[in-house]
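Undergrad: Take a look at this one; I'll ask things after.
The values are calculated or read from the model by the stated rules, or taken from the named source; none is laboratory data. Just so you know, these numbers come straight off a predicted model, no measurement behind them. Glycine gets a Cβ as well: all are built from the backbone with ideal geometry, and neighbour counts include every protein chain shown. Remember, those area values only see protein heavy atoms, side chains included, never the ligands or the DNA or RNA. Shrake-Rupley method; radii C 1.70, N 1.55, O 1.52, S 1.80 Å.
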There are 2 protein chains.
Amino acid sequence: MDMKIKIVDVATKAGVAPATVSRVLNDSSKVTPKTKAKVMKIINELGYQPNAAAKNLRSQKTMTIGVVVPDISNSYFSEVIKGIGNIAYSKKYKVVICDTENNAEKELEFLNLLTTRTIDGVIMVAPMLSNEIILNFADHEYSIGIVGRQIDHERIPCILTDNVKFSMQVISHLVGLGHREIAIINGSSHAVDSSNRLEGYLKALKEHQIPFHPELIENGDFNETGGYEAFKRLLAKKIRFSAVYSANDEMALGVYRACSEHGIQIPMQLAVVGVDNNRISKYLNPPLSTVNQPKYTMGALLVEKLIDMMNENEDAENRILKVESELLIRGSSDYKIKGRE
Amino acid sequence: MDMKIKIVDVATKAGVAPATVSRVLNDSSKVTPKTKAKVMKIINELGYQPNAAAKNLRSQKTMTIGVVVPDISNSYFSEVIKGIGNIAYSKKYKVVICDTENNAEKELEFLNLLTTRTIDGVIMVAPMLSNEIILNFADHEYSIGIVGRQIDHERIPCILTDNVKFSMQVISHLVGLGHREIAIINGSSHAVDSSNRLEGYLKALKEHQIPFHPELIENGDFNETGGYEAFKRLLAKKIRFSAVYSANDEMALGVYRACSEHGIQIPMQLAVVGVDNNRISKYLNPPLSTVNQPKYTMGALLVEKLIDMMNENEDAENRILKVESELLIRGSSDYKIKGRE
DNA sequence: AGTTAGAATGAAAACGATTTCAATATAGTA
DNA sequence: TACTATATTGAAATCGTTTTCATTCTAACT
């Protein structure tokens, strides 16, 4: 290949010192317009590109941030990534992505890129790791941001929506349609999101003076299959319910499948509401009611905050970012019914 | 933060030279089991992690490969990425992703990571850049792999399916259902894929002795909106056609929308077949017939080949990888009809 | 013109690993 | 035991920048 040209090559050809070339490129210290022009001319002539590794080594930063997501093919996460990517890109940061496939070990291993200084910071979207582990990294001065969960550490920016609040909205909406036996297919029971959503569910029931039946709670794994199986378990209990609140759209997909197998008509016999506004949801038959979170914005705002904090442009005051969700009522819950055996 | 420990710290504490520690870590040259154990013990004790930038600089590689896709939220691309990511990961490579949002400039700019040595190689999925530009990079000894297009350069591995072949299958399938006026919504007219798909379309018509009507061809931009608009243009021509072959599922989504607006029944009044087997397709109403490409496998095989070629483990003989596609017949084309005005 | 403050530039150190090459230890053979 | 061939180890160079600190230049002021 063509011998890679180095900063010293540019320097000698331009008749200056390497330091000057560096200064031209990073316009840090002042350089005379004249020498700047001279150096730039040579840089273009030679097509010089600074070596990233050398730069990283000397400057002690890599200008890249990592993003860990449970599943890149889920549109929720890919939208968040888009937001992160665009903002990062505009600030000259690169983005390396890790799709953990819901594997906590892989998530942990990815965090090692922090310790090897391969990345300057990391954004964890709906992390699987315990707060404890994450806090430990933050204690060691690594930069971490979280999407979708709140972690209390002054170095960790978080962005989230109010799970309790929108869950109450969902339930209220269903109650408004006449439902009183409302099942919930929640995420895995130890996830913080899940407990918040359950809290909203319970709070709303209470508000509407509807008795709570513990049998109406099931947990899935946030996947289509998990939703399918959870719904089958609900059916097996032979209890009355006329609506299902699914903790995400993906699991609602499983509910749809089970319903079609059992000949249950949505929304006439069963109302369904999900969360996430997955790309698929509006194309379902009937279109799925869901809670829309501003995914792109969440990614964008958080990465901005994280970069600011990394560069110490920001006080740690408002490191908890909250955004509003919105209930989208579609065909899967637009029908007033009485109930179902 | 805790003072980052370096290889020399490990070395002194273990009573050996830095070189030995390096050898233990990279088990290249032989080290006595005894000293190896001694060094490993200290490494673990101190929790030593080698600095990536220093490593990259000295070894002249970064162990990361870049991936450029037009749209990360399209399940076609995210599946390819999954395949790439998993294999790369297993070979100790990191993956940097660039979502170009169909922006050719962004694609070009990303290739700069090659010249700055930020990445060791790059995989372009359905690239927008001209062959010329890509070939130029390859000529400068940069490692590039292509998914979904064939580029003739001994250094560029490619993986693709036979567009002509599966297009013929699609058309034959439609003809088998009794269709004789078959419209095609192709990709942008200058894309190689598009011309291949058109070739397959024409070839199949000829084979079945069906006259070709140029008005039945429209081009979209591979997005929902593009498909919608292309279909509207077809309708505006007031010509007879009873089936549409859409160059991807995304555009077929637009066809569905237009049909629902115009009260056109799929598949009774119009058969629709797409390409890609997008995650959404089987959930549509009716489910969309489509051509499935082994996306995950394509990503996986190509990255494997690319890495092999980068490390010169491989001759350049079989750098063109071909995989089979499969026509999935679903509800959007399972109805025999005569035609439509 | 001479002095000096401040700006522009250069020389050399530093970043933290790998790798080459020389030196030493080990084992095998006579 | 002495010698040689080989396997381990260490010293020092190296990768290509940025940055510190010293030096030179410029211009402004007396």
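Undergrad: Which residue, A:Glu215, A:Glu181, A:Glu224, has the most motion in a Gaussian network model of chain A that connects Cα atoms within less than 10 Å?
TA: Ranking A:Glu215, A:Glu181, A:Glu224 by mean-square fluctuation puts A:Glu215 first.
Undergrad: Just tell me how shielded B:46-54 is by partners: mean number of partner chain Cβ atoms within 10 Å of each residue's Cβ, no decimals.
TA: Working: counts 0, 1, 1, 7, 3, 7, 10, 14, 5.
The shielding value for this peptide is 5.
Undergrad: If you stretched the chain out fully between A:Lys282 and A:Ser172, how much longer would it get, using 0.36 nm times the residue separation minus the C-alpha to C-alpha distance?
TA: Working: separation 110, 0.36 × 110 = 39.60 nm, distance 2.14 nm.
Separation in residues times 0.36 nm, less the Cα-Cα distance, equals 37.5 nm.
Undergrad: Same structure again: On a 32 Å Cα-Cα criterion, which of the cross-link pairs A:Lys322/B:Lys55; A:Lys165/B:Lys295; A:Lys38/B:Lys6; A:Lys4/B:Lys13; B:Lys165/B:Lys237 come out too long? Write out the running numbers ahead of the final one.
TA: Working: A:Lys322/B:Lys55 40 Å; A:Lys165/B:Lys295 39 Å; A:Lys38/B:Lys6 40 Å; A:Lys4/B:Lys13 38 Å; B:Lys165/B:Lys237 29 Å.
Flagged as over cut-off: A:Lys322/B:Lys55; A:Lys165/B:Lys295; A:Lys38/B:Lys6; A:Lys4/B:Lys13.
Undergrad: Okay, moving on. So for chain A: antiparallel DSSP bridges make up what percent, rounded to the nearest 5? Walk me through the intermediate numbers first.
TA: Values: 3 of 37 bridges.
The answer is about 10 percent antiparallel.
Undergrad: In addition: Which whole number gives the average count of other chain Cβ atoms within 10 Å of the Cβ atoms across peptide A:72-83?
TA: Working: counts 10, 13, 4, 7, 1, 3, 9, 2, 0, 5, 5, 0.
Mean partner-chain Cβ count within 10 Å for A:72-83: 5.
Undergrad: A follow-up question, please. Calculate the dipole size of the range A:7-50 relative to its Cα centre from +1 charges on Lys and Arg beta carbons and -1 charges on Asp and Glu beta carbons; express the result in debye to the nearest 20.
TA: Values: 7 positive and 3 negative charges, 44 e Å.
The dipole magnitude comes to about 220 debye.
Undergrad: Regarding chain A, what is the average projected area of its C-alpha convex hull, in nm²? Show your work: numbers first, answer last.
TA: Numbers: hull surface 85.2 nm².
About 21.3 nm², averaged over all directions.
Undergrad: Find the accessible area per residue for the protein assembly as shown; the probe is 1.4 Å, ligands and nucleic acids are left out, and the unit is Å².
TA: Values: 30110 Å² over 682 residues.
Per-residue value: 44 Å².
Undergrad: Oh, and also: Ordered shortest first, which distances in nm separate the 7 Å Cα→C-beta label point of A:Ser172 from those of the other copies?
TA: Distances between equivalent label points, in nm: 6.0.
Undergrad: Full-extension gain between B:Ala19 and B:Thr116, please, as 0.36 nm times their residue separation minus the C-alpha to C-alpha distance. Write down the numbers at each step before the final one.
TA: Working: separation 97, 0.36 × 97 = 34.92 nm, distance 2.77 nm.
Full extension from B:Ala19 to B:Thr116 adds 32.2 nm.
Undergrad: Right, next: Once both labels are modelled 7 Å past Cα along the beta-carbon direction, what's the A:Ile320-A:Asp308 spacing in nm?
TA: 1.7
Undergrad: If you don't mind, there's one more thing I want to ask. Report, as an integer, the average count of C-beta atoms from other chains found within 10 Å of each Cβ along A:64-71.
TA: Numbers: counts 4, 0, 2, 1, 0, 0, 0, 2.
Mean partner shielding for this stretch: 1.
Undergrad: Within 10 Å, count the other beta carbons around each residue, average over each peptide in A:131-139, B:80-88, and list them highest first. Don't skip to the end; give the middle numbers.
TA: On the way: A:131-139: 15.3, B:80-88: 23.8.
Answer by packing, highest mean first, reads B:80-88, A:131-139.
Undergrad: Here's a follow-up. At a probe radius of 1.4 Å, figure out the A/B buried accessible area, summed over both chains, and give it in Å² to the nearest 100. Don't skip to the answer; put the middle values down first.
TA: Working: alone 17180 and 17200 Å², together 30110 Å².
The summed interface area works out to 4300 Å².
Undergrad: A follow-up question, please. At most 10 other Cβ atoms within 10 Å and a DSSP loop assignment: could you name the trypsin sites (Lys or Arg not before Pro) in the range B:1-50 that fit?
TA: Values: sites: B:Lys4, B:Lys6, B:Lys13, B:Arg23, B:Lys30, B:Lys34, B:Lys36, B:Lys38, B:Lys41; in loops: B:Lys4, B:Lys6, B:Lys30.
In loop regions of the range B:1-50 (DSSP not H, G, I, E or B), the sparsely surrounded trypsin sites (Lys or Arg not before Pro) are B:Lys30.
Undergrad: Hey, for B:Ile337 with labels 7 Å out along Cα-Cβ, what do the inter-copy distances come to in nm, ordered shortest first?
TA: Between copies, matching label points for B:Ile337 lie 3.2 nm apart.
Undergrad: Considering only the label points, 7 Å along Cα→Cβ from Cα, what distances in nm to one decimal separate A:Lys203 from the same position in each other copy, shortest first?
TA: Between copies, matching label points for A:Lys203 lie 6.2 nm apart.
Undergrad: Where does the Debye-calculated log10 I(q)/I(0) of the range A:249-300 sit at q = 0.15, 0.25, 0.28, 0.29 Å⁻¹, using only Cα point scatterers of equal weight, no solvent?
TA: The computed values of log10 I(q)/I(0) come out as -0.42, -0.92, -1.10, -1.15.
Undergrad: Where the centroid of each part is defined by its Cα atoms, how far is the range B:115-132 from the range B:35-75 in Å?
TA: Between the Cα centres of the range B:115-132 and the range B:35-75 lies a distance of 22 Å.
Undergrad: Points 7 angstrom from Cα along the Cβ direction at A:His262 and B:Asp221: gap in nanometres?
TA: Between A:His262 and B:Asp221, the simple spin-label model gives 4.5 nm.
Undergrad: Checking a compactness column here: for the protein assembly as shown, what do you get for Rg(Cα) / (2.2 N^0.38 Å), N being the number of residues? Please list the in-between numbers first.
TA: Details: Rg = 28.2 Å, N = 682, 2.2 N^0.38 = 26.3 Å.
Computed over Cα atoms of the protein assembly as shown, the ratio equals 1.07.
Undergrad: Please find the FRET efficiency linking A:His190 to B:Ala104, where r is the Cβ-Cβ separation and R0 is fixed at 30 Å, and quote it to the nearest 0.05. It would help to have the intermediate numbers written out before the result.
TA: Numbers: r = 46 Å, r/R0 = 1.53.
Given R0 = 30 Å and the Cβ-Cβ separation, E is 0.05.
Undergrad: Here's something else I'd like to know. Once you've got the GNM for chain A with C-alpha springs shorter than 10 Å, pick whichever of A:Glu326, A:Glu109, A:Glu218 has the biggest mean-square fluctuation.
TA: A:Glu109
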